[in-house]
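K.L.:
My structure is below; once you've seen it, I'll send some questions.
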Amino acid sequence: MKREKLPWLSDNPFYTKRFAFYVGRRCRASTIRDVARELRLDWKTVKALEMEYMREQLRRVGTPAPTVIGIDEIAIGRGHTYRIIVSDLVRGRPIWFGGEDRSEKSMDLFFQWLGSQKGGRIRLAVMDMWKAFRTSTLKEGHAPQAGILYDKFHILKHLNDALDKVRKSEYAWLSGQSRRFIKGQKYTLLSHWANLSQEGRQSLKVLFAANKRLNKADLLKEMFGQLWDYRREGWARRFFERWKAALKWQRLKPYEKFARMIEEHWDGIALYCREENKVPLGFVEGLNNKIRVIQRRAYGLRDEEYLRLKILTCTLPEI
């Protein structure tokens, strides 16, 4: 006996593909539970139909062949459980989610999936300063020809951490009423001056008048962001040397450690000065924010395949 395959039926024989795609579109903006309540369906049925919709989205866009990739990791579940996400920065979409942690071995899985022929087309890889990502990318048969560019936002995070250490050391050194200027100012200090409210700016003015070291540390933090505006490596290097010279006699040990880290990774920072490497560095950070929203909406859902499909399709157009 043979059973006829009807092309307009979904994987679930009780529903058509058109209905499955309608459910998938609704789930892009709503939770599974809300869609199930609205359509009077079982929760598991809605999830299965949405997964069918997302798989069709991926099938239609085809296999990627990126030239510029962004590499990052996200934490899933509790504890130090990580998965790696690789994005195509030219097309602005995630293309791979996987691995067992953020090790070199897990990163190798991406290049095995992509293949050596497509890996040979990658000219630029944007990542944080995690050694395992760089080592795996530059392996023979992966993408040894690719330039390694360190992500601006991860570098600035290290600088913010250095500023916070200065704030903590100043708070520990002071006592009594002198501490009142610093207490509760952590996030005001870490924010860019342009993003502060009038009240926040006034609080910082009072703080800086009372503590000159924090004033200097904040000025150096704001100034460092100019590094990515230069279009020639020589100019960027001169700027960094002047910034580093400004640390002299300031007794800012965390900043001195940060400056040494920049020296060690300078090649991966200076690469951004070339015009062809002015890629959208904010995409990876924006994707991380999208993933956090997906994780909050899927609270309690422990299906990693579902999470993978949600991440890989979050920037794809509707069908």
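The values are calculated or read from the model by the stated rules, or taken from the named source; none is laboratory data. From a predicted model like this one, the values you see are computed outputs, not experimental measurements. Cβ sites come from the backbone with ideal geometry, for glycine too, and all protein chains shown count toward neighbours. These accessible areas exclude ligands, DNA and RNA; they are computed on the full protein's heavy atoms, side chains included. Shrake-Rupley method; radii C 1.70, N 1.55, O 1.52, S 1.80 Å.
K.L.:
Could you give the accessible area per residue of the chain, probe 1.4 Å, as a whole number in Å²?
P.N.:
That works out to 58 Å² for each residue.
K.L.:
How big is the gap, in Å, between the Cα center of region 231-289 and the Cα center of region 63-84?
P.N.:
24 Å
K.L.:
Would you kindly state the longest site-free stretch of the chain, with sites defined as GluC sites (Glu not before Pro) in a DSSP loop (not H, G, I, E, B) surrounded by at most 10 other Cβ atoms within 10 Å?
P.N.:
For GluC sites (Glu not before Pro) (loop position, at most 10 other Cβ atoms within 10 Å), the longest site-free span of the chain is 141-317.
K.L.:
Could I ask something else about it? Of the heavy-atom accessible surface of region 47-161 (probe 1.4 angstrom), what whole percent is carbon and sulfur?
P.N.:
The value for region 47-161 is 49 percent carbon and sulfur by accessible area.
K.L.:
Give the whole-number value, in cubic angstrom per residue, of the convex hull volume spanned by the C-alpha atoms of region 46-154.
P.N.:
118 Å³
K.L.:
What chymotrypsin sites (Phe, Trp or Tyr not before Pro) in region 1-48 are in a loop by DSSP, with at most 16 other Cβ atoms within 10 Å of the Cβ?
P.N.:
Trp8, Phe14
K.L.:
So what J values fall out for region 275-281 if you push phi through Karplus, 6.51 cos²θ - 1.76 cosθ + 1.60 with θ = phi - 60°, rounded to Hz, Gly and Pro as x?
P.N.:
Karplus-based 3J(HN,Hα) across region 275-281 equals 4, 6, 9, 7, 8, x, 5 Hz.
K.L.:
Using a 10 angstrom cutoff on alpha carbons, build the Gaussian network for the chain and name the most mobile of Lys244, Lys139, Lys205.
P.N.:
Lys205
K.L.:
Continuing with the same structure: For Arg121, what charge total do you get from the other residues with a beta carbon under 14 Å from its beta carbon, if Lys and Arg give +1 and Asp and Glu give -1?
P.N.:
Residues near Arg121 contribute +2 overall.
K.L.:
Express as a percent, rounded to the nearest 5, the fraction of DSSP beta bridges in the chain (both residues included) that run antiparallel.
P.N.:
65 percent
K.L.:
Just how many % of Cα pairs in region 215-266 lie over 16 Å apart, if you round to the nearest whole percent?
P.N.:
37 percent
K.L.:
Could you state the number of Å between the C-alpha centres of region 3-31 and region 120-134?
P.N.:
39 Å
K.L.:
Identify the chymotrypsin sites (Phe, Trp or Tyr not before Pro) of region 189-264 meeting these criteria: DSSP loop state and at most 11 other C-beta atoms within 10 Å of the C-beta.
P.N.:
Hits after loop and neighbour filter: Trp249.
K.L.:
Starting from the exponent 0.38 and prefactor 2.2 Å, build the expected Rg for the chain from its residue count and divide its actual Cα Rg by it.
P.N.:
Dividing the Cα radius of gyration by 2.2 N^0.38 Å gives 1.23.
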